[in-house]
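Reading through the structure tokens given below for one structure.
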Amino acid sequence: MTMKTLLLASALLAGLFGSLAAAPAPPAPSTYNAFCRTQWLFASPCAQINTTIVMQIQAMSPQYELVSVIADAIKANHTSVDGLQAETLTFFFSSTVMIGGCRVTAMSTSLGFTSILDNGLNYCNLYNLLSASGLTSSPGFMEMTNEWACLSYGLATCRV
């Protein structure tokens, strides 16, 4: 690992832990709905990440529908191609301690009473947007989630 990479990773982690108290907490998921919560770190400003996600939601219409946009939050809906499944998506943006960095807390929650084990559907709702927008290749990108925060994360097979 080069010194530059090590410094960038350290700065991103410091930004994550330094901004935890400042970020709004997403609403708690219902105990009867499948959900996924994940965090992403970027070495780019939140305004840029926000704009990129909004443009990708609009590009993936009608499957994704933009509900509202403000500087530090986006709300959207996702409907499956067959129209049988629907989920709400929320993205919360907060600047990291690292100048110019951004931490995004993203969440997808199934609207209907569904199996808690959704085979990664809610994770893929979030990841597909990010991947299609090219943000997974952006400088400093790092994703943090697990099976406790993102049900069926380990089963997800996402296809954009």
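The values are calculated or read from the model by the stated rules, or taken from the named source; none is laboratory data. Model, not experiment: these values are computed from the prediction. Ideal geometry is used to build each Cβ from the backbone, glycine not excepted, and the neighbour counts take in all protein chains shown.
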**Asked** Would you pick out the residues in region 61-89 that are closer than 14 Å to C124 by Cα, within 16 Å of the chain's Cα centre (by Cα) and of a type outside the set (F, W, Y)?
**Response** N77, H78, E87, T88, L89
**Residue in region 66-86 that is touching a Leu at 6+ places or on another chain (Cβ under 7 Å) and among the hydroxyl-bearing types (S, T, Y) present** = no
**Item:** Check on I53, farther than 20 Å from A149 by Cα and not in a loop (DSSP other than H, G, I, E, B)
**Value:** yes
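Please give the strands (runs of 3 or more DSSP E) falling wholly within region 75-144 in which 2 or more residues are touching a Lys or Arg at 6+ places or on another chain (Cβ under 8 Å). Let's see the steps before the verdict.
Numbers: elements: 86-95, 102-110, 142-144.
It comes to 86-95, 102-110.
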**Request:** Would you check if there is a residue in region 24-36 being of a type in the set (A, V, I, L, M), surrounded by 13 or more Cβ atoms within 10 Å (Cβ to Cβ), touching a helix residue (DSSP H, G or I) at 6+ places or on another chain (Cβ under 6 Å) and modelled with pLDDT under 95?
**Result:** yes
